[in-house]
Amino acid sequence: MIKALDKGARQPRAVRQTAVLGLGRIGDADADPIDGWIRWALYRSLHVGDPLEKRFALIGMAQVAARPGSGESPLSATDELRSHLVHHLARGKKTVRPWAALALGVLGHGLRAHE
């Protein structure tokens, strides 16, 4: 799925959008290298994707941030992802703000479920 979002990948929009949603479902917030790649792909989609891909990237980031991983710091990336979502809520484009708010709700719900 990460390769489908590479800069040189010529994938249809539906494939890219689905890949972003899939990465949100499988990533977590620990410091594993693969999870770092997943977060990088979501950040990249947020900045260079089509409008719906960008919005799905926000939701994917929230899902990743809410899912604890393994190891000493299972939620090491949660604060960074949360601040990124808050930034888009406060300073994002008018059409992105509702999606950032929805993503923050997804994040809060996910964190509460893992308490």
**Asked** What pairs can you find where one residue is in the range 1-26 and over 13 Å from A41 (Cα atoms), the other is assigned to a helix (DSSP H, G or I) and open to solvent by less than 80 Å² (accessible area, probe 1.4 Å), and their Cβ atoms are less than 6 Å apart, with a gap of 6+ or different chains?
**Response** Q11/A4; V15/A4
**Prompt:** Applying the selection to the range 7-57, what residues are out of contact with any helix residue (DSSP H, G or I) (no Cβ under 8 Å at 6 or more places or on another chain), in a loop (DSSP other than H, G, I, E, B) and either polar (S, T, N, Q) or under 28 Å from P74 (Cβ atoms) (or both)?
**Reply:** D30, A31, D32
**Request:** Could you grab me the full set of residues in the range 58-96 that are farther than 19 Å from I26 by Cβ, in a helix (DSSP H, G or I) and among the polar types (S, T, N, Q)?
**Result:** S83
**Prompt:** Can D35 be described as of a type outside the set (G, A, S), over 10 Å from the mean Cα position of the chain (by Cα), open to solvent by less than 50 Å² (accessible area, probe 1.4 Å) and within 24 Å of K7 (Cβ to Cβ)?
**Reply:** yes
**Asked** Scanning the range 87-100 for residues that are buried (at least 16 other Cβ atoms within 10 Å of the Cβ) and of a type outside the set (F, W, Y), which turns out farthest from S45 (Cα to Cα)?
**Response** L89
**Item:** Residue that is farthest from A100 (Cα to Cα) [pool: residues in the range 54-80 that are among the charged types (D, E, K, R) and surrounded by fewer than 21 Cβ atoms within 10 Å (Cβ to Cβ)]
**Value:** E72
**Message:** Is it the case, given these coordinates, that V106 is at pLDDT below 95 and β-branched (V, I, T)?
**Reply:** no
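The values are calculated or read from the model by the stated rules, or taken from the named source; none is laboratory data. Bear in mind the structure is a predicted one, so any value in this text is a computation, not a measurement. Every residue, glycine among them, receives a Cβ derived from its backbone with ideal geometry; neighbour counts consider all protein chains shown. When the accessible area is computed, the model is the full protein with side chains, heavy atoms only, and any ligands, DNA or RNA have been set aside. Shrake-Rupley method; radii C 1.70, N 1.55, O 1.52, S 1.80 Å.
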